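Right, one structure below, let's go through it.
The values are calculated or read from the model by the stated rules, or taken from the named source; none is laboratory data. Computed from a predicted model, the values in this text were never measured in an experiment. A quick note on method: Cβ atoms are made from the backbone with ideal geometry, for glycine too, and the neighbour counts reach across all protein chains shown. Accessible surface areas use protein heavy atoms only, side chains included; no ligands, DNA or RNA. Shrake-Rupley method; radii C 1.70, N 1.55, O 1.52, S 1.80 Å.
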Amino acid sequence: MVEDKFGVICRLVLLAATGAAVAFQVIFVMLDCRFVSFSSDDNSEREFGLFKLQSSTLQDFQNATFNLNATNFNNDTTAQDASGATFSASQDCVDYAWRSEESTKIRVAQACILLAIVGGGVGFLLVFFETCCLRVKCARILETLSYGMAILCSGLVFLVLDSQVCSENGGCNLSKGAIFNIAAMVLYGIAVTIMVCTPKPKPFCCGAKGKTVERDDAAMSVGDNLSPTSSQPGTLQVEEGAWGAMPHGRTQYE
């Protein structure tokens, strides 16, 4: 019983760590524009994300290395993107579709962060289902593969540091999104360590009512309100309503 409670607590910690890791990657890596930074020509910090740029960085790209044909700034105060939408040049984050000539490695990093989130999400769902409802055959293998994919792909996201954008601007430094991505990798590592090194508890919602009775290598599931009786050794018969005053979990063989 103590071991089972310890297993449940460990699984809850595992789920919390995985949920936090996925949230970090969605909020601070996918949806933010501060993954890495570089120094511009005027020595000010410019930050960009995998899918979004700071508008000041976008303007810097137009004026310096990358000539953005699809984006035009008007008097350095407003800009128009490829769809014709107008936004303020001081706006915090703007969507930006990286062109293939700018960096292939950024596109790889984009794919990797998506795979990392999928891996973490699948691992979370498998552990949640096993903890709450029903043990799944080969679940530990699937969970390990899911977390392994999440950790590997999270690391490959840092290919962005070797992208053309960074190399053309004297290298990039880690910004907020990159730090949260490292935190997500650590949380995935903690989760998979807990999963491998702690006992797996019984499901506490759907699978706790049955009892397993073994005799001569034969196993049957016996409900709490059923009484097993047998007239021959090695066989087991179940009769409804006959449990009566039998101690919980005991069986009688005749």
Practice task
Can you confirm whether the stretch 139-148 contains a residue that is among the small types (G, A, S) and at pLDDT 95 or above?
Solution key: yes
Fill in the blank from the handout: Result of the Cβ filter at 6 Å on the stretch 115-139, keeping first residues that are free of Cβ contacts under 8 Å to residues at least 60 places away in the same chain and partners that are of a type in the set (F, W, Y) and open to solvent by 30 Å² or more (accessible area, probe 1.4 Å), at least 6 apart or interchain, is none
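Of everything in the stretch 151-170, what is within 10 Å of A109 (Cβ to Cβ) and in contact (Cβ under 8 Å) with a residue 60 or more places away in the chain? Give them in sequence order. Lay out the reasoning, then the answer.
Step one: of the stretch 151-170, the residues within 10 Å of A109 (Cβ to Cβ) are 153, 156-163.
Listed by number, the residues that qualify are V157, V160, L161, S163.
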Exercise for the section: Within the stretch 17-72, track down each residue that is at pLDDT 85 or above and at positive phi. Expected result: none
